[in-house]
Amino acid sequence: MITVESVSKSFNGKKAVDAISFQANDKEILVLLGTSGCGKTTMLKMINRLIEVDSGTILIDGKNIQSQKVEEVRMGIGFVMQHSGLFPHYTIQQNIAVIPELLKWDKKKTLERTLELLHKLHLSEEVLTRFPNELSGGQQQRVGIARALIADSPVLLMDEPFGALDNITKADIHAEFKSLEELKNKTIILVTHDVQEAFDLGHKICLMDQGKIIQTGTPKEMLYQPKNDFVKNFFAKNRLLLEYKVARLKDMASLIDGSRFYEELQFSDNVGLWDALQQLSADTTLSGDYENLVKAFNEYRKFQAV
């Protein structure tokens, strides 16, 4: 769906993005991960032409975005930015309706779609008449997502969308994000410096440093098949937690002691270990299953490389 080929961008003679190439497949969440100043936001903004490339090519659905009008490119892309990016003097209803106004939707269609998204994002209709500063950070971020989704564009770009939220609110929105059907049919590129967020949400990760992509791979590949010491060290601080997040029950099926875990809890063997442990921890009568699973995971770790 999105192909980036040898794209570079310099500011004042210094390369912010240096000959980057990657591909985000259809219905895939690709994460651009790295510390501040590594070039990830610059790269993201070049995809919707908020910043123009110096060299290289960006294709969306096989079409070169440089050969299209800027307005046409942006109409096919949803964009969510840090701190929600809502217009402070617009009501929430006006904020969400910005793109429909440009597309000349009738008011009934806009309102129906707005209400549909509010319901899916767990927002009440009461927020429509309020202004952004009257909402919590989590509510503002949900409104920002609603605004980006309203036109149902096939591509969604997200620039540190949850960076300003506290950890509890962030965890709640991550859970909603993963379960939202609206997002499962989109190609999404997410920029973040948060390693856990990248592993929670991404199907594929591009780890960046100094304007270059150091390694691209699934979360599991980044942990167990690091290209070099930079990649290995980047994830070292959070390694154990990240291993819990990438492990899946099917990976450990032969190590799980007893069948009660599957028969009574009816977990699919494709369920993530972290999600399974969270469900088990909510029921004290299942502490034995919890302990069995942790034991299986510790055995599983011994077989992993690095």
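Miscellaneous remarks
Conditions tested, residue by residue: (1) within 13 Å of ILE96 (Cα to Cα); (2) free of Cβ contacts under 8 Å to residues at least 60 places away in the same chain.
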| site | (1), (2) |
| --- | --- |
| LEU117 | yes, no |
| THR129 | yes, yes |
| PRO132 | yes, yes |
| GLY137 | no, yes |
| GLY144 | yes, no |
| LEU157 | no, no |
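- Scanning the stretch 167-193 for residues that are touching a residue at least 12 places away in the same chain (Cβ under 8 Å), under 27 Å from VAL231 (Cα atoms) and surrounded by fewer than 19 Cβ atoms within 10 Å (Cβ to Cβ) yields HIS174, LYS178, HIS193.
- The stretch 273-291 residues that are outside the structural domain of ALA175 (by TED's automatic domain parsing), paired with ones that are at pLDDT below 85 and exposed (fewer than 13 other Cβ atoms within 10 Å of the Cβ) (beta carbon under 7 Å, 6 or more apart): TYR290/SER281
- From the options LEU149, LEU128, LEU115, LEU111, residue that is aliphatic (A, V, I, L, M), surrounded by 12 or more Cβ atoms within 10 Å (Cβ to Cβ) and within 30 Å of GLN196 (Cα to Cα): LEU149
- Some residue of the stretch 77-88 being under 26 Å from GLY137 (Cβ atoms) and either outside the structural domain of ALA198 (by TED's automatic domain parsing) or over 22 Å from the mean Cα position of the chain (by Cα) (or both): yes
- Among the candidates GLY56, GLY34, GLY62, residue that is over 16 Å from LEU157 (Cα atoms) and surrounded by 19 or more Cβ atoms within 10 Å (Cβ to Cβ): GLY34
- Within the stretch 202-217, being touching a strand residue (DSSP E or B) at 6+ places or on another chain (Cβ under 6 Å) and either of a type in the set (Gly, Ala, Ser) or surrounded by fewer than 22 Cβ atoms within 10 Å (Cβ to Cβ) (or both) holds for GLY202, HIS203, LYS204, GLY211, LYS212, ILE214, GLN215, THR216.
- Restricting the stretch 276-306 to residues that are of a type in the set (Val, Ile, Thr) and closer than 19 Å to LEU241 by Cα, the residue that is surrounded by the fewest Cβ atoms within 10 Å (Cβ to Cβ): VAL306
- Within the stretch 131-146, the set of residues being surrounded by fewer than 20 Cβ atoms within 10 Å (Cβ to Cβ) and in contact with a strand residue (DSSP E or B) (Cβ under 9 Å, 6 or more places away or on another chain) is empty.
- Evaluation of ALA148 against the conditions (1) touching a residue at least 40 places away in the same chain (Cβ under 8 Å); (2) more than 23 Å from MET46 (Cα to Cα) shows that the sole unmet condition is (2).
The values are calculated or read from the model by the stated rules, or taken from the named source; none is laboratory data. Note that the structure is predicted; figures quoted are calculated from it, not measured. Glycine also receives a Cβ, built like all others from the backbone with ideal geometry; neighbour counts cover every protein chain displayed.
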